[in-house]
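Written below as structure tokens is the structure these notes are about.
The values are calculated or read from the model by the stated rules, or taken from the named source; none is laboratory data. Quick caveat, the model's predicted, so the values are computed rather than measured. In this analysis, Cβ positions are derived from the backbone assuming ideal geometry, glycine residues included, and neighbour counts consider all displayed protein chains.
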């Protein structure tokens, strides 16, 4: 009994705000030495548009299975954080996976299972493609790739800034929770009833922390905007010389062409297999 209690406490200690922040930072900034991160962002954006849109318009099982296997391999190459993969599994299961399980246990025929499997593969493929691209690209390279395709500068910067504001949000949220913990009086959680009360107490604290979190973040955002204006952000965003400097880091290499060739070959073989099946 003591061993189970100690194990549960260790799990709860590891699953903290620090752990969540570490996982987010690792997913956004800690994958710069992977195969996917070395690819040109323009190539990855084109690849993502194909893998994120085309599966929704195709209902062939073999084609969708091939696309899913491809994005599964790229996700492995991108070294996605474990927390992100856990959220992916939970999200896919809550959207379509449970319907597949229910149909298997409550008399669903083969056509029902195949239809739900197709829907599940579509959701999983598009989700894994998004995870691969956004885990393999840091904010600056993603913003430069979008700007090269003609995306508005403010939109590109907004996406990049959203990456950078995540650690700040989580750090601010942790500080607010610590302040509530110092001033609060949590219920005893030795018994089962106490654990339930403690769970409701934690949910209540999180709800109360929402407003100061938004207020403090708005204050910091204003400071960030003022600093950007002082440094001439608006002028630099439309200046051709600055854009040329940003785009000079974008280079299509042999690895990029090899990545596209392997993806195209795999998809072509899946189309051939689906026509012969």
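A few remarks follow.
- Residues that are within 30 Å of residue 220 (Cβ to Cβ) and exposed (fewer than 11 other Cβ atoms within 10 Å of the Cβ), drawn from region 186-210: 203, 207
- One residue from 193, 261 being more than 26 Å from residue 176 (Cα to Cα) and modelled with pLDDT under 80: 193
- Some residue of region 153-173 being surrounded by 15 or more Cβ atoms within 10 Å (Cβ to Cβ) and farther than 30 Å from residue 48 by Cα: yes
Residues are listed down the side, and each one gets a yes or a no for (1) at pLDDT 90 or above; (2) at positive phi; (3) crowded, with 17+ Cβ neighbours inside 10 Å:
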{"position": "33", "(1), (2), (3)": "no, no, no"}
{"position": "36", "(1), (2), (3)": "no, no, yes"}
{"position": "39", "(1), (2), (3)": "no, no, yes"}
{"position": "42", "(1), (2), (3)": "no, no, yes"}
{"position": "47", "(1), (2), (3)": "yes, no, yes"}
{"position": "50", "(1), (2), (3)": "yes, no, no"}
{"position": "59", "(1), (2), (3)": "no, no, no"}
{"position": "70", "(1), (2), (3)": "yes, no, yes"}
{"position": "76", "(1), (2), (3)": "no, no, no"}
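Residues are listed down the side, and each one gets a yes or a no for (1) in contact with a helix residue (DSSP H, G or I) (Cβ under 9 Å, 6 or more places away or on another chain); (2) over 30 Å from residue 240 (Cβ atoms); (3) exposed (fewer than 13 other Cβ atoms within 10 Å of the Cβ); (4) in contact (Cβ under 8 Å) with a residue 40 or more places away in the chain:
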site: 116; (1), (2), (3), (4): yes, yes, no, no
site: 133; (1), (2), (3), (4): yes, no, no, yes
site: 141; (1), (2), (3), (4): yes, no, no, yes
site: 148; (1), (2), (3), (4): yes, no, no, yes
site: 181; (1), (2), (3), (4): yes, yes, yes, no
